[in-house]
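Participant: Let me give you the structure first, and then I'll get to my questions.
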Amino acid sequence: MYNKIILAGNLTRDIEIKYTQSGAAIGNTAIATTRKFKSQTGEQKEEVLFVDITFFGRTAEVANQYLRKGSKVLVDGRLKLDQWTAQDGSKRSKHSVTVENMTMLGGRDEAQSSGYNAAPANDTYSQPAPQQKAPSYGTPTQPAPQQNQASNIPEIDINEDEIPF
């Protein structure tokens, strides 16, 4: 079976981030999408849909850092049905999306006008896939770093998957 959903829209609220006991981040928010169409009478109509979305891990941290209420975003992930019993005893349910990939839309101008330090537009961030170490055959896989006397730039040990742009 295949379960994939793609949504583009604006966040309806700031991301609420929480951490599990093991330190994994979970971010919750919602996205509003719109559809414009003509009714049978020829009248122009607009339909708005609100969907709760959940980010996990590093994606949640990146989203929390760069996205705010009103931010334009494209997400894809899995559709999930949440069910619970309300305080009055009635059974309740709603659909939500577990985000697997996120692309930040909109420009820097939009983010700067709201006073936030935002990532560059159209940046995609995905949940990192488990990495397998490449076999070593006794030869170096990376060239030796070159010495540059003019600039003393320190080397930073960072995984490229952690960079949001």
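Participant: Based on what the data block shows, is THR141 exposed (fewer than 15 other Cβ atoms within 10 Å of the Cβ), modelled with pLDDT under 90 and touching a strand residue (DSSP E or B) at 6+ places or on another chain (Cβ under 9 Å)?
Facilitator: On the way: exposed (fewer than 15 other Cβ atoms within 10 Å of the Cβ): yes; modelled with pLDDT under 90: yes; touching a strand residue (DSSP E or B) at 6+ places or on another chain (Cβ under 9 Å): no.
Judged against the criteria, THR141 is not a match.
Participant: Within the range 41-53, identify whether any single residue is within 15 Å of the chain's Cα centre (by Cα) and of a type outside the set (D, E, K, R), and answer yes or no.
Facilitator: Here is the first cut: in the range 41-53, the residues within 15 Å of the chain's Cα centre (by Cα) are 51-53.
Going one step further and asking which of them are of a type outside the set (D, E, K, R), we end up with 51, 53.
Yes - at least one qualifying residue is present in the range 41-53.
Participant: When you scan the range 53-88, how many residues do you find that are loosely packed, with under 11 Cβ neighbours inside 10 Å, of a type in the set (S, T, N, Q) and touching a strand residue (DSSP E or B) at 6+ places or on another chain (Cβ under 8 Å)?
Facilitator: Looking only at that region, the number is 2.
Participant: Please indicate, with yes or no, whether at least one residue in the range 89-96 is part of a strand (DSSP E or B), of a type in the set (D, E, K, R), crowded, with 16+ Cβ neighbours inside 10 Å and at negative phi.
Facilitator: Of the range 89-96, the ones part of a strand (DSSP E or B) are 91-96.
Right, trim to of a type in the set (D, E, K, R) and you get 91-92, 94.
Cutting the leftovers down to crowded, with 16+ Cβ neighbours inside 10 Å gives us none.
No, the range 89-96 has no match at all.
The values are calculated or read from the model by the stated rules, or taken from the named source; none is laboratory data. Small disclaimer: the values here were computed from a predicted structure and weren't measured. As a convention, Cβ positions derive from the backbone with ideal geometry for all residues, glycine included, and neighbour counts pool all protein chains shown.
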